[in-house]
């Protein structure tokens, strides 16, 4: 992880009249900047950091055309102002109307970003200085209050009921299996919980001594051998729509109606019975009772 390794380069860039003018123009209704793609990280960092000797800069929402451009921008901006100050809001790999579900790691990263935007006080780095999103992720309507979804956090020495943890993980759309192999899966053997949060590289083994967590270690998927001891693990939700009682009730009501589509009727029946199905995200507009939300309406007021 980079911690602003090129911060000195940003300081030097802000001495240039071009970038100084951009930083000074923060808050303007419009300010057109023309230049090669390579200046995007510098322009964004200049707005986020502000001029030397002045107050801090403004939050920035950077919109790119593709996911690859977004990932490159996150890396470049992180080198200038620190990785903790930049977050990515990726788009789904699927279209909203397709009966295919986005990958669990994509969903988890989106939800982690929305959680930090909604509750910056819970993150050591606070509110993100820069949010990088693709055009698709910026204009795609989302279920309301996704930033209020609370992840499961487990720490060594914490006292918690294993059954309650498993129930909570199931409610966050983790799949219970015999052996964890993929992100979004969990397994229980006696007093041992294996879980693979979508936002980390390796699954985690949590060992309980009664109701106390005695040890947390990462382990390898291929050989299931323990790797490294860690102090804590956070497991965010794996889907952007959870099968809450309200959602299940709406699915049941829709299923009772004549949909004219046997596949859709079967999907609604499964959801009504609390069974997650592939492509259930395509039904978000009819399964949530509130108006959908857009990313620009969720970021902090005054964002450039």
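None of the figures in this text is laboratory data; all of them are computed from the coordinates on show. All of these numbers come straight from a predicted model, not from anything done at the bench. We place every Cβ from the backbone using ideal geometry, glycine too, and count neighbours over all the protein chains shown.
The GNM of the chain, with springs linking C-alpha atoms under 10 angstrom apart, assigns the highest mean-square fluctuation among 286, 206, 180 to 286.
Residues 250, 145, arranged from fewest to most other Cβ atoms within 10 angstrom of their Cβ, appear as 145, 250.
Label-to-label distance, residue 242 versus residue 159, with points set 7 angstrom from Cα along the beta-carbon direction: 2.5 nm. Taking other C-beta atoms within 10 Å as the exposure proxy, 209, 92 rank 209, 92 from fewest upward.
Normalised by the number of residues in the chain, the mean separation of alpha-carbon contacts (under 8 Å, six or more apart) gives a relative contact order of 18 percent.
Each Cα pair under 8 Å and six or more residues apart adds its sequence gap; the mean of these over the residue count of the stretch 182-259 is a relative contact order of 19 percent. Contact order, relative form, for the stretch 86-133: 49 percent (alpha carbon pairs under 8 Å, 6 or more residues apart, mean separation divided by residue count).
Footprinting exposure proxy ranking of 217, 99, 225, fewest other C-beta atoms within 10 angstrom first, gives 225, 99, 217.
Helix-derived [θ] at 222 nm for the chain: sum -39500 (n - 2.57) over DSSP H runs of at least 4, divide by residue count, nearest 500?
Per the formula, -9500 deg cm²/dmol.
Solvent-free Debye calculation, one equal scatterer per alpha-carbon of the stretch 245-287: log10 I(q)/I(0) at 0.19, 0.21, 0.23, 0.33 Å⁻¹ equals -0.45, -0.56, -0.68, -1.40.
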